[in-house]
Amino acid sequence: ALDHDQIDVAFVKVPYGKYKEAAPVTDAEVNEFYEKNLELFRHPERVALTYIAYVPKDLEASVKVGDNSIAAYYDAHQSDFATPEKAHLREILFVVPPDADDAARAAIRKTAEDVLAQAKTGDFAALAGQHSGDPLTKDAGGDLGFVEQGTLDAALDDAAFALAPGQVSDIIETSRGFAIVKLEKKQPPGTQPLAEVRDQITTALRESGSDPAARDAMGR
């Protein structure tokens, strides 16, 4: 019933700030307010401090690391520098769309089988450039580079690391579709040489030594 009702309003705007300073306040009123509201003006105990911060990170550069310390760390942490078995692989991927029906899937597999027959004796890299559905590796002849065992799709990983260098796999069903891989070369597991990890060890020793260095500096 009141929908769309309108009214006329007249108002006077009073600027509060203009009159605030002019309001009379007596000393007695101030004292009375203070006595009644002591909690408003209470503050906790405070102290003034002067301190010097010894930040371990700032002292890392001053920590001396010798050759003997580096060698001892390397010998005691061999597992940290272990390298797993790796395989240099090439792949031809035949992508199966998620919504592909049985007929479409069968057609894609038939194409994969035809390419596999050529890959067994032909130029694998050239065939990857022609047929692979992986845009990241197609132009590089399907080159995946050196891959650590356990990092690929499980079926692909098992098949790839079972191959001998130069051997081509059968068709492998993966989460992306069908794949054919060729093993170019295998790199056996090993340990990174000290020369390669020297800087890494130096950084670790300086980080671990920075906290004692900060404590020693505070003691002085």
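The values are calculated or read from the model by the stated rules, or taken from the named source; none is laboratory data. Everything numeric in this text was worked out from a predicted model, so none of it was measured. Virtual Cβ from ideal backbone geometry, glycine too; neighbours counted across all protein chains shown. Please note that ligands, DNA and RNA were not included when accessible areas were found on the heavy atoms of the full protein model with its side chains. Shrake-Rupley method; radii C 1.70, N 1.55, O 1.52, S 1.80 Å.
Assign one of three labels to the stretch 33-120, namely rounded, prolate or oblate, based on the Cα gyration tensor with a ≥ b ≥ c the square roots of its eigenvalues; rounded applies when a/c is under 1.5, prolate when it is not and a/b is larger than b/c, and oblate otherwise. Oblate, since a/c reaches 1.5 and b/c is not below a/b. Charges were assigned to the Cβ only: +1 to each Lys and Arg, -1 to each Asp and Glu. The resulting dipole of the stretch 77-213 about its Cα centre is roughly 380 debye.
Projected label points at residue 105 and residue 40, each 7 Å from Cα along the beta carbon direction, are separated by 7.8 nanometres. With a sphere of radius 9 Å drawn around the Cβ of residue 163, what net charge do the other residues whose Cβ falls strictly inside it have (Lys, Arg +1; Asp, Glu -1)? Counting the neighbours of residue 163, the net charge comes to +2. When the Gaussian network model of the chain links Cα atoms closer than 10 Å, the mean-square fluctuations of 201, 52, 92 top out at 52. Considering only 61, 84, 135, the residue lying farthest towards the positive end of the dipole of the stretch 58-137 is 135, judged by Cα position with unit charges set on Cβ.
Estimated purely from DSSP H runs of n ≥ 4, each contributing -39500 (n - 2.57), the mean residue ellipticity at 222 nm for the chain is -12000 deg cm²/dmol once divided by its residues.
The residue list 160, 106, 116 was ranked by how far each Cα lies along the charge dipole of the stretch 84-172 toward its positive end, using unit charges on Cβ atoms, and 116 comes out on top.
Per atom type, the stretch 136-176 shows carbon and sulfur on 48% of its accessible surface, probed at 1.4 Å. What you get for the stretch 124-164, charging only the Cβ of Lys and Arg (+1) and of Asp and Glu (-1), is a dipole of about 160 debye around the Cα centre.
Calculate the FRET efficiency for residue 51 and residue 203 from the Cβ-Cβ distance with a Förster distance of 30 Å, rounded to the nearest 0.05. Walk me through the numbers on the way to the answer.
Working: r = 29 Å, r/R0 = 0.96.
It comes out at approximately 0.55.
Annotation: amide H of residue 134 within the under-5 Å range of 93, sequence separation 5 or more or interchain, hydrogens built in the peptide plane.
State to the nearest 20 debye the size of the charge dipole of the stretch 8-110 about its Cα centre, where the only charges are +1 on K and R beta carbons and -1 on D and E beta carbons.
Dipole about the Cα centre, nearest 20: 460 debye.
Assuming 0.36 nm per residue, please report the length gained on full extension of the stretch residue 117 to residue 32 beyond their Cα-Cα distance.
On the way: separation 85, 0.36 × 85 = 30.60 nm, distance 10.21 nm.
Result for the pair: 20.4 nm of gain on full extension.
The residues of the chain have, on average, 72 Å² of accessible surface per residue, using a 1.4 Å probe with all protein chains present.
Pairs with C-alpha atoms separated by more than 31 Å, drawn from the list 86/120; 64/185; 13/36; 57/186, are 64/185; 13/36; 57/186.
Close amide H pairs (under 5 Å, H built 1.01 Å from N) link residue 191 with 83, residues at least 5 positions away or on another chain.
Each label was represented as a point 7 Å from its Cα along the Cα-to-Cβ direction; for residue 215 and residue 77 these points are 2.0 nm apart. Taking only the C-alpha atoms of the chain, the Rg (one decimal) and the largest Cα-Cα distance, Dmax (whole number), read 37.9, 108 Å. Spacing of the modelled spin labels on residue 7 and residue 195, each 7 Å from Cα toward Cβ, amounts to 9.2 nm.
Sorting 61-74, 35-48 by their mean Cβ neighbour count within 10 Å, with the most densely packed peptide first, gives 61-74, 35-48.
Report the extension gain between residue 185 and residue 67 in nm, rounded to one decimal, defined as 0.36 nm multiplied by the number of residues separating them, less their alpha carbon distance.
38.9 nm
Based on Cα coordinates alone, diagonalise the gyration tensor for the stretch 1-63, multiply each eigenvalue by 5, take square roots, and list the semi-axes in whole Å, largest first.
Numbers: eigenvalues 624, 196, 41 Å².
After scaling each eigenvalue by five and taking roots: 56, 31, 14 Å.
Comparing 125, 49, 200 along the charge dipole axis of the chain, the residue lying farthest to the positive side is 200, per the Cβ-charge model. Relative contact order of the stretch 80-220, taken over Cα pairs closer than 8 Å and 6 or more residues apart, is 36 percent. Net charge of the neighbourhood of residue 28, taken over other residues with C-beta under 15 Å away and scored Lys/Arg +1, Asp/Glu -1, is -3.
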